[in-house]
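**Q** To start, I am sharing the structure in question, which I have written as structure tokens.
Bear in mind these aren't lab numbers, they're just calculated from the coordinates by the rules spelled out. Treat the numbers as computed from the prediction; the structure is a model and nothing was measured. Ideal geometry is used to build each Cβ from the backbone, glycine not excepted, and the neighbour counts take in all protein chains shown.
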Amino acid sequence: MIGGFHLSGGSGNTEDSETIDKISQYLMRTKAQFYTCHCTGIEPYKRLEANMGNRIDYLSTGSEILI
């Protein structure tokens, strides 16, 4: 799955850790690989990555995914 999770607002606010943990638990129950980008926010991404390990990766300009 490729897409932003929109876990941070324009004013620097982010979803709370408990919500991010619940999201990562839900995502881990799937068999999908996740790629997210700037819409997720750096701090929320770090929390997701801590919970999900290599099942999530961050895409930025110039990133490539080989299928």
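**Q** Quick one: which residue in Gly4, Gly53 is assigned to a loop (DSSP other than H, G, I, E, B) and not aromatic (Phe, Trp, Tyr)?
**A** Values: Gly53 fails: assigned to a loop (DSSP other than H, G, I, E, B).
The match here is Gly4.
**Q** Kindly check whether there is at least one residue in the stretch 11-21 that is polar (S, T, N, Q), surrounded by 12 or more Cβ atoms within 10 Å (Cβ to Cβ) and within 11 Å of the chain's Cα centre (by Cα).
**A** Checking the stretch 11-21: not a single residue is polar (S, T, N, Q), surrounded by 12 or more Cβ atoms within 10 Å (Cβ to Cβ) and within 11 Å of the chain's Cα centre (by Cα).
**Q** Can you confirm whether Thr30 is of a type in the set (Val, Ile, Thr) and loosely packed, with under 11 Cβ neighbours inside 10 Å? Can you show your working first?
**A** Numbers: of a type in the set (Val, Ile, Thr): yes; loosely packed, with under 11 Cβ neighbours inside 10 Å: yes.
Yes: the conditions hold for Thr30.
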